[in-house]
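S.K.: So that we are looking at the same thing, I have put the structure below in C-alpha cells.
The values are calculated or read from the model by the stated rules, or taken from the named source; none is laboratory data. As the structure is a prediction and not an experimental result, all values here were calculated from the model. Cβ placement follows ideal geometry from the backbone for every residue including glycine, while neighbour counts extend to all protein chains displayed. These area figures cover heavy atoms from the full protein model, side chains too; ligands, DNA and RNA do not enter into them. Shrake-Rupley method; radii C 1.70, N 1.55, O 1.52, S 1.80 Å.
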Amino acid sequence: MTQKNSIIGSIARTGLTWMGRKRLPQIEGNIKIKGLSKSVEIIRDRWGIPHIFAQNEEDLFFAQGFVHAQDRLWQMELNRLTGRGQLSELFGEIAIETDIIARTFGFNRLGEIDYKNLEGDSRDAVLSYTAGVNAFMNIPAPNKPVEFSLLKHTPRPWEPVDTTSFMRVMNWQLSHAWFSEIVRAEVTQAVGEEHAAELEIHYPQGSPTILPKGIEFNLLGENGKLIPQNGPFLNRGMGSNNWVIAGHKTDTGMPYLCNDMHLALGMPGIWYQNHLVGGRYNIVGVSLPGAPAIMVGHNDHIAWGITLAFIDCEDLFVEKFDPQNPNKYLYKDEWIDAEVIDEVIQIKGKDEPHHERVLITRHGPVISDVVGYSDQRVAVKSNTLQPCPSVTPWLKLDQACNWDEFVDAMRYLDTPQLNIVFADIEGNIGYWVTGKVPVRAKGNGTIPVPGWTGEYEWVGEVPFEEMPHAFNPEKGYIVTCNNKIIPDDYPHFLGNIWMNGFRARNIEDVINSQGIITPEIFKKLHLDYTSIPGKQFVSKIKDIVSDDPYVKRAMGCLKSWDGILDEESVGGCIYEVARYYMARNLVLSALGEDRTARWMGTGFNPVLLPATEYLGHDTVTLLRLLDQPDSWWMQQVGGKEKFVTENLHLAVEWLMKKFGDNQRDWQWGKLHTATFAHAMGIQKPLDEVFNRGPYPIGGDTDTTAQTAMLPNDPYENKSWSTSFREIIDLSDLSKSVTISPPGQSGQLGSRHYDDFIEPWQTGKYVTMLWRREQIEKEAEGKLILESGD
C-alpha cells in the first residue's frame with residue numbers, strides 16, 4: 001500500500017462512513033407500512049439483533065424481510081444477482097465468468113421451478129418476506145446503503161424467485177464430490193492409475209467415526225437409563241463442527257448443543273441473527289439475508305446445529321455428441337436431442353449482451369468449458385440440481401417441538417447433505433444425516449463415467465429411514481466435523497471424501513478427558529488450536545540429521561514446539577511453511593502447477609467455488625508417504641531425507657526473507673491473518689473503507705478452531721473460518737450464547753458494522769436473549785410497524 005493510497009483511503013473512509021451514518025435505518029418510533037394486517041413490534045438489542053413480535057405468521061415474515069433489508073440490502077442484492085447470474089449488470093465484464101457458471105448450472109432456472117412448486121405456508125412465507133423487503137425499499141427517505149450510490153445502481157423490487165435462486169446457490173456451494181472426479185481423472189492422466197492411487201483420499205487411522213456403532217435409537221428411561229428401540233420415530237401415533245452432550249455428562253444434568261459453522265469470512269458476514277415470535281414460531285438463531293426462516297438455533301422445545309456431511313451425491317458423465325449435429329448426444333445407441341438454452345447476460349458498459357449456449361443432457365448441464373475441463377464433454381448429475389422444497393424444511397424445523405417433528409423436517413431436506421445434531425428440553429439428544437443419496441447401477445461415482453452406455457445410471461435412493469441417525473446414543477455425545485459418518489459395514493455407499501477427522505478427534509479427546517462438562521470447556525474448544533497433524537509431522541521427521549544450519553534451526557524449533565498453533569507460535573509457523581512446501585513439492589514435478597493446485601484443493605471460481613473437497617487431504621497424504629520411503633512419489637523427490645531437508649531449508653530461507661533473521665519474529669499470526677473482505681474492496685482504496693483487518697489468527701484446516709488457507713494463495717485465512725458459534729443450554733435457554741462476526745449490520749457507519757470482531761477473536765460471546773424481560777433490559781431501540789392499508 002502506498003502512502004498516497006493510504007491518505008486517500010483514510011479520507012474516503014471518513015467521508016463514506018459519515019454518509020453511511022446518514023442512511024442508517026430507523027430503529028425507534030413508528031412507521032406506517034402497506035402490506036401488514038396488524039402492527040409488529042421490533043426490539044433491537046444492544047448488539048443490533050432484532051427481536052420481532054408479530055400477531056400472525058404473515059406479518060412475522062414480512063417484518064423479517066423488512067429488517068433484513070434495513071441492515072443487509074447491499075448483501076441481498078449481491079446474493080440475488082449471484083443466484084440469477086446477473087452480477088455483470090452491476091460490475092461489468094469482471095463478473096462475466098461467474099455469471100456464465102451460474103447460468104450453466106442453472107440456479108436461475110431452478111429457482112423459478114422451486115418457486116412454482118412452493119405451496120401453502122412455505123409459499124405464503126416467501127411472499128410475505130418479499131413484501132417486507134419491498135416495503136423497506138419503497139420508503140421515500142434516502143435509505144439505500146452507500147454502495148448503491150458509488151456504483152450508481154438502483155435495485156429493482158425483490159421477487160420471490162430471488163429468494164429461491166439464492167437458496168439454490170447456497171445448496172450447491174454446500175454440496176461436494178463432483179469436482180474431485182475431475183481431479184482424480186487429471187492426476188491419473190498425468191501419472192497413471194498405480195501412482196495416482198497413492199495420492200487418493202484416505203481417512204486417517206485414529207480419526208473417529210460419528211456413529212461408531214452404526215444407527216442407534218434409545219429412549220430415556222428412569223434415572224437416565226437407555227431403553228433400545230427400533231426407531232426412527234417414537235411410537236406415539238404420528239454440518240463445520242457441532243456436538244451435543246447428554247445431560248448425564250454435564251453440570252446441569254441437561255444437554256448442551258454447540259455449533260461453529262466454517263465458511264468464508266466476509267463483510268458483512270453470511271449470517272444474520274434474528275428472533276422471530278408470532279403464530280407457531282418462537283425461534284432465535286441465525287438467518288440468511290434473502291430468505292425467510294431461521295437456519296440454526298433453538299425454539300421453545302428443541303435446538304439444532306449443522307455441519308456439512310460430505311456425502312457423494314454428484315456424478316460426472318462423459319457425453320458423446322454427434323460431430324454432424326452438436327445438439328445431439330448418444331445414449332444407448334440412440335441420438336437424443338439435448339435441451340439447448342440461450343442464456344442472455346447483460347453487461348454493464350456494453351451495448352450488446354453476452355449469449356451463453358447451455359446444453360442439458362439426461363444427466364444434467366454440460367459444464368466442461370466453465371470448469372476448465374474442456375478435453376471432454378462432461379455433464380454433471382447432482383441432487384442439488386434437482387427440484388427441491390426450498391424453504392419448506394427450514395420452516396418445519398423452526399416449528400418442530402420434538403424428535404418426531406424434527407425427523408419429519410429432515411425428510412424434506414433433499415439438499416444439501418448435512419449433519420444435523422439435535423437436543424430437546426426433555427433431555428434427549430440426536431442426529432440425522434440429510435439429503436437424497438443416489439444408488440448407482442454400477443461404479444461409485446469417484447471418476448467421470450461414460451454417459452452413453454446407460455451402465456452407470458442412478459437407479460434409486462437410499463431409503464430415508466436408513467440414512468445415518470442416532471437418538472440418545474450410548475456414549476452420551478455426538479460430534480460431527482465433516483468426518484467419516486458410519487462404519488464400513490453400513491450397507492449403502494455414501495462416499496469417501498470425508499475431511500480428515502483431526503478436529504473431531506481433538507473434540508472427542510477433550511470430552512473423554514473430562515469428568516463433568518461445563519460451558520467453559522466448549523468455549524475453550526471453540527478457540528482450540530491444537531494441531532494433531534503438526535505433532536505427527538514432527539514425530540516423523542525428528543530423527544533426520546543434517547549439517548545444514550537452516551535445517552538445524554528448523555528442527556530445533558519444531559522439536560520444542562508444543563503443537564499449539566496459536567498466532568504467537570514460531571514452531572507452528574515453521575511447521576505450516578514447511579508442510580506447504582513439502583505437500584506442494586512432493587507432486588509438483590509430476591503434476592505441474594495447475595494440477596498440483598487442484599490436487600491441494602483449489603477450486604475453479606473465486607466466488608462460487610474457491611476451494612474443493614480435496615482441501616486438507618494433502619497433509620494426510622504427506623504424513624502417510626513420510627512413513628513410506630519406498631513410495632514412487634518419495635523416490636521421485638530423492639528419498640525421504642533429501643526431500644525433508646531440502647524443504648526445511650526452503651521454508652527457513654523463505655521465512656528469513658519475509659521476517660528477517662530474528663526467529664522470534666516468525667510468528668504464525670504475522671503470516672496467517674483474517675480479513676473481512678467487502679465486494680467493493682477489490683478496488684483500491686475502497687478496501688481501506690469497507691474491509692476490516694487483517695487480524696492475526698491462529699489455527700489452520702486441521703485445528704478445531706478451523707482457519708483454512710487457499711492452496712494457491714498461502715498463508716492468509718481466505719478459505720473456511722468460524723463464521724458463527726453457539727452454545728445452547730437446554731436446562732435454561734436464556735443462558736445460551738453466540739457470536740457471529742463481523743457484526744449485525746452491513747451498513748457502513750453503523751456501530752454494529754464490525755463490533756463482533758473483537759469478541760470473536762478473543763473467545764467472547766453475547767447472550768441469545770430469549771425472555772421478554774431480558775430483551776427489554778438490553779433494548780437499543782423499539783420500532784413499531786403499523787398497518788398503512
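S.K.: Residue check: is ALA131 in a helix (DSSP H, G or I), modelled with pLDDT of 95 or more, among the hydrophobic types (A, V, I, L, M, F, W, C) and open to solvent by 10 Å² or more (accessible area, probe 1.4 Å)? Outline the logic, then answer.
M.R.: On the way: in a helix (DSSP H, G or I): yes; modelled with pLDDT of 95 or more: yes; among the hydrophobic types (A, V, I, L, M, F, W, C): yes; open to solvent by 10 Å² or more (accessible area, probe 1.4 Å): yes.
Judged against the criteria, ALA131 is a match.
S.K.: Residue pairs, Cβ under 6 Å, 6 or more apart or interchain, first in the range 652-681 and buried (at least 19 other Cβ atoms within 10 Å of the Cβ), second among the basic types (Lys, Arg). List them.
M.R.: VAL652/ARG553; PHE676/ARG692
S.K.: In the range 138-154, how many are surrounded by fewer than 19 Cβ atoms within 10 Å (Cβ to Cβ) and in a helix (DSSP H, G or I)?
M.R.: Result for the range 138-154: 4.
S.K.: Hey, another quick one. So which residues in the range 155-174 are among the polar types (S, T, N, Q) and open to solvent by less than 10 Å² (accessible area, probe 1.4 Å)? Spell out the reasoning first.
M.R.: Looking only at the range 155-174, we keep the residues that are among the polar types (S, T, N, Q), and these are 163-165, 171, 173.
Listed by number, the residues that qualify are THR163, THR164, SER165.
S.K.: Among residues belonging to the range 257-296 that are of a type in the set (Gly, Ala, Ser) and within 16 Å of the chain's Cα centre (by Cα), point out the one that is most open to solvent (accessible area, probe 1.4 Å). Full working, then the answer.
M.R.: Taking the range 257-296 first, the residues of a type in the set (Gly, Ala, Ser) are 264, 266, 269, 278-279, 285, 287, 290-291, 293.
Within this subset, residues satisfying the condition of being within 16 Å of the chain's Cα centre (by Cα) are 264, 266, 269, 287.
Values: ALA264: 60, GLY266: 15, GLY269: 4, SER287: 0 Å².
Among residues in the range 257-296 that are of a type in the set (Gly, Ala, Ser) and within 16 Å of the chain's Cα centre (by Cα), the one most open to solvent (accessible area, probe 1.4 Å) is ALA264.
S.K.: Got a number for residues in the range 425-434 being surrounded by fewer than 24 Cβ atoms within 10 Å (Cβ to Cβ) and either touching a helix residue (DSSP H, G or I) at 6+ places or on another chain (Cβ under 7 Å) or of a type in the set (S, T, N, Q) (or both)?
M.R.: Count: 2.
S.K.: Tally up the residues in the range 756-789 that are more than 30 Å from the chain's Cα centre (by Cα), part of a loop (DSSP other than H, G, I, E, B) and among the hydrophobic types (A, V, I, L, M, F, W, C), please.
M.R.: Looking only at that region, the number is 0.
S.K.: What single numbered condition from (1) of a type in the set (Lys, Arg); (2) outside any helix (DSSP H, G or I); (3) open to solvent by 90 Å² or more (accessible area, probe 1.4 Å) fails to hold for ARG44?
M.R.: The number of the failed condition is (3).
S.K.: Also, quick follow-up: Among the residues that make up the range 238-245, is at least one of them over 29 Å from the mean Cα position of the chain (by Cα), at pLDDT below 85, farther than 20 Å from LEU257 by Cβ and not aromatic (Phe, Trp, Tyr)? It would help to see each step written out before you state the result.
M.R.: Step one: filter the range 238-245 for residues over 29 Å from the mean Cα position of the chain (by Cα), giving 238.
Filter once more, so that each one left must be at pLDDT below 85: 238.
Narrowing the set further to residues that are farther than 20 Å from LEU257 by Cβ leaves 238.
After this cut, where a residue has to be not aromatic (Phe, Trp, Tyr) as well, the list is 238.
Within the range 238-245, one or more residues are over 29 Å from the mean Cα position of the chain (by Cα), at pLDDT below 85, farther than 20 Å from LEU257 by Cβ and not aromatic (Phe, Trp, Tyr).
S.K.: Ok, one more. State all residues of the range 632-651 that are out of contact with any Ser or Thr (no Cβ under 7 Å at 6 or more places or on another chain) and open to solvent by 10 Å² or more (accessible area, probe 1.4 Å); if no residue qualifies, say none. It would help to see each step written out before you state the result.
M.R.: Looking only at the range 632-651, we keep the residues that are out of contact with any Ser or Thr (no Cβ under 7 Å at 6 or more places or on another chain), and these are 632-635, 637-644, 646-651.
Across the range 632-651, the qualifying residues are TRP632, GLN635, VAL637, GLY638, GLY639, LYS640, GLU641, LYS642, GLU646, HIS649, LEU650.
S.K.: Within the range 397-410, track down each residue that is under 26 Å from ASP312 (Cβ atoms) and either at pLDDT below 95 or of a type in the set (D, E, K, R) (or both).
M.R.: First, pick out the residues of the range 397-410 that are under 26 Å from ASP312 (Cβ atoms): 397, 406-410.
Across the range 397-410, the qualifying residue is only ASP408.
S.K.: Out of the range 422-461, which residues are small (Gly, Ala, Ser) and not in a strand (DSSP E or B)? Lay out the reasoning, then the answer.
M.R.: Going through the range 422-461, the residues small (Gly, Ala, Ser) turn out to be 423, 427, 430, 435, 441, 443, 445, 451, 454, 460.
GLY427, GLY435, ALA441, GLY443, GLY445, GLY451, GLY454 - these are the residues of the range 422-461 that are small (Gly, Ala, Ser) and not in a strand (DSSP E or B).
S.K.: While we're here: When you go through ASP351, ASP398, ASP375 one by one, which is the residue that is open to solvent by less than 10 Å² (accessible area, probe 1.4 Å), of a type in the set (D, E, K, R) and not in a strand (DSSP E or B)? Full working, then the answer.
M.R.: Working: ASP351 fails: open to solvent by less than 10 Å² (accessible area, probe 1.4 Å); ASP375 fails: open to solvent by less than 10 Å² (accessible area, probe 1.4 Å).
Among ASP351, ASP398, ASP375, only ASP398 is open to solvent by less than 10 Å² (accessible area, probe 1.4 Å), of a type in the set (D, E, K, R) and not in a strand (DSSP E or B).
S.K.: Right, another one. Take residues that are open to solvent by 30 Å² or more (accessible area, probe 1.4 Å) and among the polar types (S, T, N, Q) and tell me which of the helices (runs of 4 or more DSSP H) falling wholly in the range 493-597 contain 1 or more. First the steps, then the outcome.
M.R.: Details: elements: 502-513, 519-526, 532-541, 549-560.
Counting at least 1 such residues, we get 502-513, 532-541, 549-560.
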